[in-house]
Amino acid sequence: MSPRHLLRGAAITAAATALLAASAVSPALAHGNGHGHHGSSDPAGPTDINGYRSVGYLMSDTPVTRDFQIKDLLRTGAIEDVTHINYAFGNVTTNLKCEITDAPGEGDARNDYLRLVSADDSVDGKKDKSNKHQRLAGNFNQLKKLKEASPDTKVLISLGGWTWSDNFSAAASTPESRATLVSSCIDVYLKGNLPQVGSLGGPGAAAGVFDGIDVDWEWPVNGGETANAKPEDRENFLSLMEEFRAQLDAYGSATGEDYLLTAFAPAGGWNTNAGGWTDPRLFDVVDWLNVQGYDYAGGWTGTTGHQGNLHPDGDHNWGLALDNAIGLYTAAGARADQLNLGLAAYGQGWGGVSVGDSAWQATTGSLGTKPYYEIREVGEGYFDPALGASWRFDATSGEWWSLDDPNSVTAKAEWLASQGFGGAMWWDLSGDYRNELGGALGDALRAAEAGPLD
């Protein structure tokens, strides 16, 4: 789920105590490091935040590309404002199975479980070693250590995304292929049976890392980055989700665990209706849906625009807004507590803009996307409370950025609480600045009336 166009209460543990001692002397190495938002002496994450969930996507490559380490969730205090982590992504390969490979563009085994993490970047301060005594390294090992330090934190493997959704259509096309796909995902991610590379991996090596599966098929019927889509996808998608639920429940009966099933759900009516996203069969099997709340405007719109406005801005941009997007699901019968509002820790930018105090202005072209930590202080900040939208404008450079900031995050959190929704979701945790956005969400949810989660 990289930025994409729409069309397309835990007890502190010994490990956590040790981490705090180590972090107290750690320098602020990157945008994600430094002081936590709340400054709590207990870095463990909550099961919920005042009856709401906060789901954060964590990209596999960000420890390398952004120097955002899994340990930073503890160092910044972000873990206190996140209840669930969606690890992105697992791939459905051309073999129509969940497989972890190290083939360029087809897998990320190196970051998943092969990369050796230094002591400074390790959750418990212990470096990875390449010997017969260690079978798991990389992000999977750090997630396992994170769960030891924060026992209530749940981690899901997120399958697909914008780039890796190309094989879903074929994998979901028959009862046999659906059963094979789901079984393979459970085998790799829940049973933890990884390909063995040297001393790393092997049967059960990643057991206990993941607590469920998040499906990011973008998009059934209409497709996304690839053309691998067909009209039958609607029925096959629903049947695939039912197969996931059945096999997860069966496996949970054997292990005594409850495994989560969630999905990343589209905002535009053309995708929701065509792909089966508003079918009650989907609501019957998922624990929740994370509804896309961003990329409503971008380089494709031709003007500046709000990429994640809470309420519609007149007729602009087909009337897209987060409240309308969520409304597609409640109108179809989804329970409010099954729905999370998507929030963005990045912005969409345009250049050559001369008018900064409103949207839908002329521009010389798109600046693409940048993480929040790079644009949080660009020019002057604006917030429109009627729209629930924030943006920044630099009159000198002509840059205009649509983004979520603490003002818009607070407004969206207050609105979701007033409507009884289940919570919010972030794409993605590495884009935040020292938990500035995550802390704003957590504070607003804690200040609201208690949420609907048990």
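Worth a mention:
- Selected residue [closer than 30 Å to residue 283 by Cα, crowded, with 17+ Cβ neighbours inside 10 Å, at pLDDT 95 or above and of a type in the set (Asp, Glu)] from 384, 404: 404
- Any hit, region 305-321, residues being at pLDDT 95 or above, surrounded by fewer than 24 Cβ atoms within 10 Å (Cβ to Cβ) and not in a loop (DSSP other than H, G, I, E, B): no
- Check on residue 27, in a loop (DSSP other than H, G, I, E, B), farther than 14 Å from residue 429 by Cα and modelled with pLDDT of 50 or more: no
- Exactly one residue among 257, 243 is farther than 21 Å from residue 89 by Cα and among the acidic types (Asp, Glu), and that residue is 257.
- If you go through region 279-295 and pick out every residue that is out of contact with any strand residue (DSSP E or B) (no Cβ under 9 Å at 6 or more places or on another chain) and either of a type in the set (Asp, Glu) or assigned to a loop (DSSP other than H, G, I, E, B) (or both), you end up with 2.
- Residue match in region 324-335 (condition: surrounded by 21 or more Cβ atoms within 10 Å (Cβ to Cβ), part of a strand (DSSP E or B) and under 22 Å from the mean Cα position of the chain (by Cα)): no
- If you go through region 412-441 and keep only what is of a type in the set (Gly, Ala, Ser), within 24 Å of residue 59 (Cβ to Cβ) and part of a helix (DSSP H, G or I), you end up with 413, 430, 431, 438, 439, 440.
- Meets criteria (of a type in the set (Val, Ile, Thr) and buried (at least 24 other Cβ atoms within 10 Å of the Cβ)) for residue 213: yes
- For residue 125, the test of being in a loop (DSSP other than H, G, I, E, B), among the small types (Gly, Ala, Ser) and within 30 Å of residue 240 (Cα to Cα) is failed.
- Condition met for residue 331 (modelled with pLDDT of 95 or more and hydrophobic (A, V, I, L, M, F, W, C)): yes
- Checklist (1) part of a loop (DSSP other than H, G, I, E, B); (2) modelled with pLDDT of 95 or more; (3) out of contact with any helix residue (DSSP H, G or I) (no Cβ under 6 Å at 6 or more places or on another chain); (4) not acidic (Asp, Glu) applied to residue 34, failing item: (2)
- In the set (1) in contact with a strand residue (DSSP E or B) (Cβ under 9 Å, 6 or more places away or on another chain); (2) buried (at least 17 other Cβ atoms within 10 Å of the Cβ); (3) of a type in the set (Ser, Thr, Tyr), the condition left unmet by residue 130 is number (2).
- Among the residues of this structure, residue 270 does not count as one that is buried (at least 19 other Cβ atoms within 10 Å of the Cβ), over 28 Å from residue 142 (Cβ atoms) and out of contact with any Ser or Thr (no Cβ under 6 Å at 6 or more places or on another chain).
- Among the residues of region 341-390, those identified as in contact with a helix residue (DSSP H, G or I) (Cβ under 9 Å, 6 or more places away or on another chain), assigned to a strand (DSSP E or B) and small (Gly, Ala, Ser) are 342, 344, 347, 349, 365, 366, 368, 381, 389, 390.
- The requirement of being of a type outside the set (Gly, Ala, Ser) and either in contact with a Ser or Thr (Cβ under 7 Å, 6 or more places away or on another chain) or more than 29 Å from residue 62 (Cα to Cα) (or both) is not satisfied by residue 375.
- Residue match in region 423-442 (condition: buried (at least 22 other Cβ atoms within 10 Å of the Cβ) and of a type in the set (Lys, Arg)): yes
- So residue 80, is it acidic (Asp, Glu), within 21 Å of residue 416 (Cα to Cα) and either over 17 Å from the mean Cα position of the chain (by Cα) or buried (at least 20 other Cβ atoms within 10 Å of the Cβ) (or both): yes
- Considering residues of region 95-113 that are at pLDDT 95 or above and more than 12 Å from residue 138 (Cβ to Cβ) only, the residue surrounded by the fewest Cβ atoms within 10 Å (Cβ to Cβ): 95
The values are calculated or read from the model by the stated rules, or taken from the named source; none is laboratory data. No experiment lies behind these values; they were computed from the predicted model shown. Methodologically, a virtual Cβ is constructed for each residue, glycine included, from the backbone with ideal geometry; neighbour enumeration extends over all protein chains shown.
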